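The values are calculated or read from the model by the stated rules, or taken from the named source; none is laboratory data. Keep in mind the model is a prediction, meaning the values are calculated, not measured. Here Cβ is always computed from backbone atoms with ideal geometry, including for glycine, and neighbour counts include all displayed protein chains.
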Amino acid sequence: MATDKRQLKVAIMGAKGYPYVYGGYDTMIKELGERLVARGVKVRVYNHRALFKEKPHYVNGIECIYTPAIERKSLTQLTHTFFSMIHACFSKVDVILVVNSGNGPFGLISKLFGKPTAINVDGLEWLRPKWQGAGSTYFLWASRMATKFFDQIINDSEEMRRVYLELFQTDSKVIAYGANPKESVAEDPIKKWGLMKQEYFLIVGRLVPDNNADLIIEGFLKSESKRKLVIVGDVPFEDKWASALKNQDDPRLLFTGYVTDPFELAALYSHCYAYFHGHEFGGTNPAMLKALGYGCAILALDTPFNQEMLQQGKHGWYFSKDVPAVKELVAEAESNPEKMEYFRASARSGLTQKYNWDHVTDQYLEVFESLVKK
């Protein structure tokens, strides 16, 4: 196979597609794919056919293949990757990058075809509340299969590398997600929701139990704060847990739902008093990277992953997983405006070289070229 950068052909699959930016994996594919193309790499992304009304073959130099899926909640993503893997293995791509540890078993297909592969396995999927029972068992098994069938395991944090070493006796290469810091963001977009600069706390993320929005909301409402708590995000399906959260009647709560306009989202981050990060399972979190990049004072759940991202308290404060801790942290944040200002001023310095998208691309390219040479 050719190893020249200009000839290398990479297939990427396992997310919703390009340029469909919805979550962390979709963002990574966009940022990585566009940079690889700029360096002369031929990039193919497998798109979830049902999500794209228009289906151009090429977008910004990236080849888009639209593969089907069995449209069921628990089967959509897995079947989409299965069909994509079959297609890629019958094509002339040099190397395949898969995202999501749930796709671990499909590495057997590429191994049978002799296609070099890498997989970004992300977080502790088997511990997430939504995958109780059979789902949890599947994700743990699938993650183990990824270590058996894929040529290179990629994790996005040192803590996740440690987990894979302990659980599966498999080392991995650590490549973090990148960030796009912005120094100056207009305040006007937040007026859409009747908000004023630094007069609100912020949560950004899917309304699922493992992001702990319920805990943060309850602790905030028990505090004496006169500020609002703005919750950005939702779930793309009917969910009793999320509905119960959104149905709480308190003038200090503002649920915006999904905010798809990047300027509005940037403004919400940039002008909050502090950003609450309750994500519990996973490595480098894209929402946290945005908070650092937009200069937020960060109040994060105390987990090894969040400790790593905030450099053990250099760029934020932590709270334990209980309501009184959140209540106390709200009071402490409000009584220490100078410390919040310090966190805001120093946040972007937390985006070290490993969170630079060009550096991230360098690392992925090294992995691809190494796999092809083998």
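So which residues in the range 329-363 are touching a strand residue (DSSP E or B) at 6+ places or on another chain (Cβ under 9 Å), more than 26 Å from residue 184 (Cβ to Cβ), in contact (Cβ under 8 Å) with a residue 60 or more places away in the chain and assigned by TED's automatic domain parsing to the domain that holds residue 216, if there are any at all? Listed by number, the residues that qualify are 329, 330.
Tallying residues that are free of Cβ contacts under 8 Å to residues at least 40 places away in the same chain and in contact with a Pro (Cβ under 6 Å, 6 or more places away or on another chain) within the range 18-49 yields 2.
Looking across 225, 143, one residue alone is touching a helix residue (DSSP H, G or I) at 6+ places or on another chain (Cβ under 8 Å), hydroxyl-bearing (Ser, Thr, Tyr) and buried (at least 20 other Cβ atoms within 10 Å of the Cβ). It is 143.
Could you say which residue among 290, 327 is farther than 22 Å from residue 97 by Cβ and under 17 Å from the mean Cα position of the chain (by Cα)?
None of the others qualify; the one that does is 290.
Would you pick out the residues in the range 73-88 that are of a type outside the set (Gly, Ala, Ser) and touching a Gly at 6+ places or on another chain (Cβ under 9 Å)? Residues satisfying the conditions are 77, 78, 80, 81, 85. Of 283, 233, 257, all but one fail to be free of Cβ contacts under 8 Å to residues at least 40 places away in the same chain, in the same structural domain as residue 336 (by TED's automatic domain parsing) and in contact with an Asp or Glu (Cβ under 6 Å, 6 or more places away or on another chain); the exception is 257. Anything in the range 284-329 that is over 16 Å from residue 210 (Cα atoms) and of a type in the set (Lys, Arg)? List them, or say none. Across the range 284-329, the qualifying residues are 290, 314, 327. Do we find that residue 316 is in the same structural domain as residue 256 (by TED's automatic domain parsing), touching a residue at least 60 places away in the same chain (Cβ under 8 Å) and either of a type outside the set (Ser, Thr, Tyr) or over 19 Å from residue 195 (Cβ atoms) (or both) in this structure? No: the conditions fail for residue 316.
Here residue 260 passes the criteria (1) farther than 22 Å from residue 30 by Cβ; (2) surrounded by fewer than 19 Cβ atoms within 10 Å (Cβ to Cβ) except the one numbered (1). Residue pairs whose Cβ atoms lie under 6 Å apart, sitting 6 or more positions apart in sequence or on different chains, and linking a residue in the range 50-63 that is over 12 Å from residue 18 (Cβ atoms) to a partner that is assigned to a helix (DSSP H, G or I), do not occur here. Screening the range 85-201 for helices (runs of 4 or more DSSP H) wholly inside it with 1 or more residues that are farther than 29 Å from residue 66 by Cα, β-branched (Val, Ile, Thr) and in contact (Cβ under 8 Å) with a residue 12 or more places away in the chain returns the ranges 158-168. The number of residues in the range 64-76 being in contact (Cβ under 8 Å) with a residue 60 or more places away in the chain and either buried (at least 18 other Cβ atoms within 10 Å of the Cβ) or among the hydroxyl-bearing types (Ser, Thr, Tyr) (or both) comes to 1.
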